[in-house]
């Protein structure tokens, strides 16, 4: 299999055009919370964050509907609202959140190095990643799919990618799945999925593959240019990444997620972001491994 790293230039000015698709209420998932550090066991991550009144959260900045940087510099999307719900249960509002852009390749590095307190960034839970970090959730279930130009009739599923140039992101589960199960595809690897769009337009690659919800955001952002082909061919449960071994923090986040499923905050976050384009899914079952 031929692989090459391509440093395509992202055209991020288009981000401003998709704010409507990401919802107009930047605080849709945020709730007023009067929380004191003393409510948490001394020495836990929750107590430390609540005492500081600040949290650093890693998320994507280039993915419509889930995590996209707005002209204000703040990210918007479903992942962002999920993160705000969690922060609110620590007594931390939007003004106490530092958003740090993460890519598929640096999520584990940021968690292990302490650059972020948690990662909410279309982060698929899998056994390989569990060797390096821990996960709360899932809070959403996605699936890998394929994006092509609207006029492309040659590709209808992953079996048609043999000999084709396929763009995806280094360090992602879609990239690894292609290596493992579709080795005859020629991978063009970059650092963010938005970097694949212009090469796809120009015919430098034949397809872009990643999770269906991410691709749906690009279709919504670029009407009549792209389409999804075939059915999703993997299961991608999105979780909240936390440092390895922080069982108390992971359990706390799981509790918050389950509460948000039941009290309507999860649904509100969805409807104000990704739900403006995608159908409302069932809430997943949290995996307390």
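What's the total number of residues in the stretch 200-215 that are in a helix (DSSP H, G or I) and over 13 Å from the mean Cα position of the chain (by Cα)? If you could, list the steps in order and put the result at the bottom.
Going residue by residue through the stretch 200-215, those that are in a helix (DSSP H, G or I) are 200-202, 212-215.
Those left that are additionally over 13 Å from the mean Cα position of the chain (by Cα): 200-202.
Going through the stretch 200-215 one residue at a time, the tally reaches 3.
Residue 267 - would you say it is assigned to a helix (DSSP H, G or I), without any contact (Cβ under 8 Å) to a residue 60 or more places away in the chain and either under 16 Å from residue 120 (Cβ atoms) or within 18 Å of the chain's Cα centre (by Cα) (or both)? Reasoning before the result, please.
Details: assigned to a helix (DSSP H, G or I): yes; without any contact (Cβ under 8 Å) to a residue 60 or more places away in the chain: yes; either under 16 Å from residue 120 (Cβ atoms) or within 18 Å of the chain's Cα centre (by Cα) (or both): yes.
Yes: the conditions hold for residue 267.
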Please note which strands (runs of 3 or more DSSP E) are completely contained in the stretch 106-199 and include at least 1 residues that are under 14 Å from the mean Cα position of the chain (by Cα).
133-142, 144-149, 165-169
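Out of 175, 162, 105, which single residue is more than 25 Å from residue 283 (Cα to Cα), out of contact with any helix residue (DSSP H, G or I) (no Cβ under 8 Å at 6 or more places or on another chain) and assigned by TED's automatic domain parsing to the domain that holds residue 76? Even if it seems obvious, please write down each step before you answer.
Working: 175 fails: assigned by TED's automatic domain parsing to the domain that holds residue 76; 162 fails: assigned by TED's automatic domain parsing to the domain that holds residue 76.
One residue alone meets the criteria, 105.
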Hey, could you check the stretch 220-252 for residues that are under 17 Å from the mean Cα position of the chain (by Cα) and part of a helix (DSSP H, G or I) and say which is surrounded by the most Cβ atoms within 10 Å (Cβ to Cβ)?
221
Collect the residues in the stretch 63-100 that are surrounded by 24 or more Cβ atoms within 10 Å (Cβ to Cβ) and not in a helix (DSSP H, G or I), keeping them in residue-number order.
63, 64, 65, 66, 67, 68, 75, 76, 77, 90
Please work out which one of (1) in contact (Cβ under 8 Å) with a residue 24 or more places away in the chain; (2) under 30 Å from residue 153 (Cβ atoms); (3) surrounded by fewer than 21 Cβ atoms within 10 Å (Cβ to Cβ) is the condition residue 279 fails and give its number.
(1)
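The values are calculated or read from the model by the stated rules, or taken from the named source; none is laboratory data. In this text, all values refer to a predicted model and were calculated from it rather than measured experimentally. When we count neighbours, we look across all protein chains shown, and the Cβ atoms used for this are built from the backbone with ideal geometry, even at glycine.
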